[in-house]
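First comes the structure, then the notes that go with it.
The values are calculated or read from the model by the stated rules, or taken from the named source; none is laboratory data. This structure is a prediction, so every number in the text was calculated from the model and none was measured. Cβ sites come from the backbone with ideal geometry, for glycine too, and all protein chains shown count toward neighbours.
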Amino acid sequence: MLSTPAAACWPFIGASAATHVLYFVLVGRLYRDADLSAAYPIMRGAAPLLTTIGAWLALGEGLGLAAAAGVALLIGGVFWMAVEGVRRGGVDRGALLAALANAAVIALYSLIDGEGARLSGHAFAYNSWADVASAVLFAPLVLRLRGRSFAFVLAREWRRGLIGGAAAFFAYAIVVWAMTLAPIGLVAALRETSVIFAAIIGAVFLRENFKPPRYAAAAFIAAGVIILRLG
């Protein structure tokens, strides 16, 4: 039976569900209209920067010299990727704004979930209830926006949906658990090394217009994430 987290964390569960729904809406916009290899690094690369700053301001988790260097590299890499994406057409201005807005949303739910899980006394139970609350909020919105097409896709692709959902659940459950043991900003930074994998997938498998400047920008982002993690 699923454990019940401490009462103090329930407002965080509600806030987490609301911010995750906003994240899903924005990420759908990005994946529909922009190159994965450009939009994903912008969104996920900027997130640990904002999370680290938010953890410093709201929770008193400080930044050392190495972390500040990581922040600088992240800013440079994200800015470079954004310029290249707009210049080469892989990311239009609307998608760029959506990517940056979603980076802020990721930072927000990371802070909410990190603090909520610490209060819960049981990180796995916290994450499970937050996912249930997200589904309860998101399902009516999807039905309203997609209606019959959503039901058709669900009936046809339910196996793939289960696999993807399970992978997403357990991957983020590990993140939430880690945030109960280490500074939230550092965990968020380590998580976003995924930008390199997204860049490779977009370039190799989706055959997106991934030129040398994007590789360099992705390398800046990865270096910033690594330094931020080690700082």
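Taking the conditions exactly as written (surrounded by fewer than 17 Cβ atoms within 10 Å (Cβ to Cβ), in contact with an Asp or Glu (Cβ under 9 Å, 6 or more places away or on another chain) and assigned to a helix (DSSP H, G or I)), does residue 76 satisfy them or not? No; evaluated as a whole, the condition is false for this residue.
Screening residue 142 on (1) more than 30 Å from residue 55 (Cα to Cα); (2) out of contact with any Phe, Trp or Tyr (no Cβ under 6 Å at 6 or more places or on another chain) shows it passes everything except condition (2). Of all residues in the stretch 170-194, those satisfying the criterion of being part of a helix (DSSP H, G or I), modelled with pLDDT of 90 or more and surrounded by 14 or more Cβ atoms within 10 Å (Cβ to Cβ) are 172, 173, 174, 175, 176, 177, 178, 179. Would you check which residues across the stretch 163-219 are within 19 Å of the chain's Cα centre (by Cα), aliphatic (A, V, I, L, M) and under 18 Å from residue 73 (Cα atoms) and list them? Residues satisfying the conditions are 186, 187, 188, 189, 190, 195, 196, 199, 217, 218, 219.
Taking the criterion of being touching a residue at least 60 places away in the same chain (Cβ under 8 Å), farther than 18 Å from residue 227 by Cβ and out of contact with any Cys (no Cβ under 7 Å at 6 or more places or on another chain), would at least one residue in the stretch 179-194 satisfy it? Within the stretch 179-194, one or more residues are touching a residue at least 60 places away in the same chain (Cβ under 8 Å), farther than 18 Å from residue 227 by Cβ and out of contact with any Cys (no Cβ under 7 Å at 6 or more places or on another chain). If we keep just the residues of the stretch 35-68 that are in contact with a Gly (Cβ under 7 Å, 6 or more places away or on another chain) and surrounded by fewer than 21 Cβ atoms within 10 Å (Cβ to Cβ), which is modelled with the lowest pLDDT? The qualifying residue modelled with the lowest pLDDT is 36.
Restricting attention to the stretch 207-221, and to residues there that are touching a helix residue (DSSP H, G or I) at 6+ places or on another chain (Cβ under 6 Å) and surrounded by fewer than 21 Cβ atoms within 10 Å (Cβ to Cβ), which single residue is farthest from residue 168 (Cα to Cα)? Looking at the filtered set, the residue picked out is 213. Based on what the data block shows, is residue 81 assigned to a helix (DSSP H, G or I) and in contact with a Gly (Cβ under 8 Å, 6 or more places away or on another chain)? Judged against the criteria, residue 81 is a match.
Test residue 150 against the criterion of being in contact with a helix residue (DSSP H, G or I) (Cβ under 8 Å, 6 or more places away or on another chain), over 14 Å from residue 21 (Cα atoms) and either among the hydroxyl-bearing types (Ser, Thr, Tyr) or modelled with pLDDT under 85 (or both), and give yes or no.
Considered against the rule, which asks whether it is in contact with a helix residue (DSSP H, G or I) (Cβ under 8 Å, 6 or more places away or on another chain), over 14 Å from residue 21 (Cα atoms) and either among the hydroxyl-bearing types (Ser, Thr, Tyr) or modelled with pLDDT under 85 (or both), residue 150 comes out as yes.
Would you confirm whether any residue within the stretch 159-166 is touching a residue at least 12 places away in the same chain (Cβ under 8 Å) and not β-branched (Val, Ile, Thr)? Scanning the stretch 159-166, I find no residue that is touching a residue at least 12 places away in the same chain (Cβ under 8 Å) and not β-branched (Val, Ile, Thr), so the answer is no.
Here the stretch 92-115 is the region considered, the condition is being more than 30 Å from residue 5 (Cβ to Cβ) and buried (at least 19 other Cβ atoms within 10 Å of the Cβ), and the residue that is nearest to the chain's Cα centre (by Cα) is 99.
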